[in-house]
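Colleague: Here you go, one structure.
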Amino acid sequence: SAVISQKPSRDICQRGTSLTIQCQVDSQVTMMFWYRQQPGQSLTLIATANQGSEATYESGFVIDKFPISRPNLTFSTLTVSNMSPEDSSIYLCSVDIQAPNEKLFFGSGTQLSVL
Amino acid sequence: SQQGEEDPQALSIQEGENATMNCSYKTSINNLQWYRQNSGRGLVHLILIRSNEREKHSGRLRVTLDTSKKSSSLLITASRAADTASYFCATFSSGTYKYIFGTGTRLKVLA
């Protein structure tokens, strides 16, 4: 299994500012996944972060808005830049480390509200 | 949209009854998984079924997979109030190396 520490757990931010979310895993993992969950909705994949290379973004998500860092095999950050109220969501990091592609482990999420 | 569809969107049952939720997906997959989410926080993995399997059991959970119809179902037997949560299916494809989540079913079990 994996223990994923994600912080902050929640934040209230002003329009136009940026927030960086941190994700720390207790073991080395190759791939980390960042998801967004808008209120009452399902999870949408933002990007896949592979250590040592640029993150791969999904359609509708761009690096300027959601820059991701992956400095080592246990840590990643997602920044939500120039925030607007439409960015209010839960942001989740996850990894799959058990028999690759068998299951995802999730952090507890970051509840972001933008005023 | 990449997402699979789940139905029903919401389900309310009495404690002790069975709950069935369905998931349909669009592309070829390696496996399909079901997750539970309490109170909009991190998801917890429940059960996995591989593309060459038709049925899996784990405790009170039974999952089926029909790859010809690109659909899966999750059955929770003898439900409990603690089963109240949102349930999501997720498909994994090695071709894209992505986990794609369905739209989810909100289950409420009344004591």
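The values are calculated or read from the model by the stated rules, or taken from the named source; none is laboratory data. From a predicted model like this one, the values you see are computed outputs, not experimental measurements. So basically every Cβ, Gly included, is an ideal-geometry build from the backbone, and we count neighbours across all protein chains shown.
Colleague: For region B:1-48, name all the residues that are among the small types (Gly, Ala, Ser) and out of contact with any Pro (no Cβ under 9 Å at 6 or more places or on another chain).
Modeller: Result: B:Ser1, B:Gly4, B:Ala10, B:Ser12, B:Gly16, B:Ala19, B:Ser24, B:Ser28, B:Ser39, B:Gly42.
Colleague: Please verify whether region A:6-29 includes one or more residues that are in a strand (DSSP E or B), facing chain B (nearest Cβ under 9 Å) and over 17 Å from B:Ala90 (Cα atoms).
Modeller: Looking through region A:6-29, at least one residue is in a strand (DSSP E or B), facing chain B (nearest Cβ under 9 Å) and over 17 Å from B:Ala90 (Cα atoms).
Colleague: Oh, and also: Among the residues of region B:27-54, write down those that are of a type outside the set (A, V, I, L, M, F, W, C), within 13 Å of the chain's Cα centre (by Cα) and more than 10 Å from chain A (Cβ to nearest Cβ).
Modeller: Across region B:27-54, the qualifying residue is only B:Arg36.
Colleague: For region B:47-71, which positions are more than 19 Å from B:Ser94 (Cα to Cα) and buried (at least 20 other Cβ atoms within 10 Å of the Cβ)?
Modeller: Result: B:Val63, single match.
Colleague: Shifting gears a bit: Would you pick out the residues in region B:57-89 that are in a strand (DSSP E or B), more than 13 Å from every other protein chain (Cβ to nearest Cβ) and touching a residue at least 40 places away in the same chain (Cβ under 8 Å)?
Modeller: Answer for region B:57-89, where residues must be in a strand (DSSP E or B), more than 13 Å from every other protein chain (Cβ to nearest Cβ) and touching a residue at least 40 places away in the same chain (Cβ under 8 Å): B:Ser71, B:Ser72, B:Ser73, B:Leu74, B:Leu75, B:Ile76, B:Ala85.
Colleague: Yes or no: region B:21-39 includes at least one residue that is more than 15 Å from B:Ala90 (Cβ to Cβ), hydroxyl-bearing (Ser, Thr, Tyr) and not in a loop (DSSP other than H, G, I, E, B).
Modeller: no
Colleague: Read through the list (1) away from chain B (no Cβ under 12 Å); (2) part of a strand (DSSP E or B), then give the number of the only condition that A:Glu86 fails.
Modeller: Condition not satisfied by A:Glu86: (2).
Colleague: Of all residues in region A:95-114, how many are more than 7 Å from chain B (Cβ to nearest Cβ) and modelled with pLDDT under 95?
Modeller: The qualifying residues number 7.
Colleague: What number of residues within region A:34-52 satisfy the criterion of being free of Cβ contacts under 8 Å to residues at least 12 places away in the same chain and more than 20 Å from B:Phe101 (Cα to Cα)?
Modeller: 0
Colleague: Also, quick follow-up: Any residue that is surrounded by fewer than 17 Cβ atoms within 10 Å (Cβ to Cβ), in a strand (DSSP E or B) and more than 11 Å from chain A (Cβ to nearest Cβ) - is there at least one of those in region B:90-110?
Modeller: Looking through region B:90-110, at least one residue is surrounded by fewer than 17 Cβ atoms within 10 Å (Cβ to Cβ), in a strand (DSSP E or B) and more than 11 Å from chain A (Cβ to nearest Cβ).
Colleague: Only one residue in A:Gln41, A:Gln111 is of a type in the set (S, T, N, Q) and surrounded by fewer than 17 Cβ atoms within 10 Å (Cβ to Cβ). Which one?
Modeller: That would be A:Gln41, the only listed residue that is of a type in the set (S, T, N, Q) and surrounded by fewer than 17 Cβ atoms within 10 Å (Cβ to Cβ).
Colleague: Name the residue that is nearest to the other protein chains (Cβ to nearest Cβ), counting only residues in region A:39-50 that are assigned to a strand (DSSP E or B) and closer than 27 Å to B:Gln9 by Cβ.
Modeller: For region A:39-50, the residue satisfying everything is A:Leu43.
Colleague: Give the residues of region B:1-20 that are within 21 Å of A:Pro39 (Cβ to Cβ) and either of a type in the set (Ser, Thr, Tyr) or within 16 Å of the chain's Cα centre (by Cα) (or both), sorted by residue number.
Modeller: B:Ser1, B:Gln3, B:Gly4, B:Glu5, B:Glu6, B:Asp7, B:Pro8, B:Gln9, B:Ala10, B:Leu11, B:Ser12
Colleague: I would also like to ask the following. Can you tell me which of A:Asp64, A:Asp87 is among the charged types (D, E, K, R), at pLDDT 95 or above and out of contact with any Ser or Thr (no Cβ under 8 Å at 6 or more places or on another chain)?
Modeller: Testing whether each residue is among the charged types (D, E, K, R), at pLDDT 95 or above and out of contact with any Ser or Thr (no Cβ under 8 Å at 6 or more places or on another chain) leaves just A:Asp87.
Colleague: Report yes if some residue within region A:51-62 is in a loop (DSSP other than H, G, I, E, B), within 9 Å of chain B (Cβ to nearest Cβ) and hydrophobic (A, V, I, L, M, F, W, C); otherwise report no.
Modeller: no
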